[in-house]
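Before any comments, here is the structure.
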Amino acid sequence: MKSLDVKIWGVRKRPSKRPSYDVRWSVAERVFSETFRTKALADHYRTKLMRAARDGDEFDDVTGLPDSMAETRAELSWYAFTLKYLAMKWTAERSADPANPAQLGFRAAWTG
């Protein structure tokens, strides 16, 4: 569900061995946070959240992110892409004439 009820807090330093910084915000009474290694990265992320809220973007109450920052899913997964690529290369190699090594493409380079 989408919501315009967004509150964004300032960047805070986390008490830890290695310095890290938190950005905290809430969407429809649900608190979200993101941790960054430097204060500049945290401040940049907070600025992007504030800009989205100021522009009137709706925030998702499950992920806590505005529509403009939500990750888009790839149309094709890496696994499906790899299968299609290998099928294309495999058929190209199988159709090549074994008597002509120039047609073997990448196989000739690997076999030396």
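Derivation of every value follows stated rules applied to the coordinates shown; laboratory data play no part. Source: prediction; values computed, not measured. Glycine gets a Cβ as well: all are built from the backbone with ideal geometry, and neighbour counts include every protein chain shown.
Taking other C-beta atoms within 10 Å as the exposure proxy, R54, R18, R24 rank R18, R54, R24 from fewest upward.
Straight-line cross-link reach from K17 at under 22 Å between alpha-carbon atoms covers these lysines, not counting any fewer than eight positions away in the same chain: K39. Stretching Y85 away from D60 to a fully extended chain increases their span by 5.4 nm, per 0.36 nm per residue minus the current alpha-carbon distance. Once the chain from M1 to K39 is taken as fully extended at 0.36 nm per residue, the excess over their C-alpha distance is 10.6 nm. Taking amide H atoms as placed 1.01 Å from N in the peptide plane, the amide H of L65 lies under 5 Å from those of D60, each 5 or more residues away in sequence or on another chain.
Across the range 7-18, rounded Karplus estimates of 3J(HN,Hα) from the backbone phi angles (6.51 cos²θ - 1.76 cosθ + 1.60, θ = phi - 60°) give 10, 10, 9, x, 7, 10, 7, 8, x, 8, 4, 9 Hz, Gly and Pro being marked x. Residues S3, S16 in ascending order of nearby Cβ atoms (within 10 Å, fewest first): S16, S3. Peptides 83-89, 7-13, 59-65 ranked from most to least packed by the mean count of surrounding Cβ atoms within 10 Å: 59-65, 7-13, 83-89. Residue pairs exceeding 25 angstrom between C-alpha atoms, taken from K7/K48; K2/K48; K2/K84: K2/K84.
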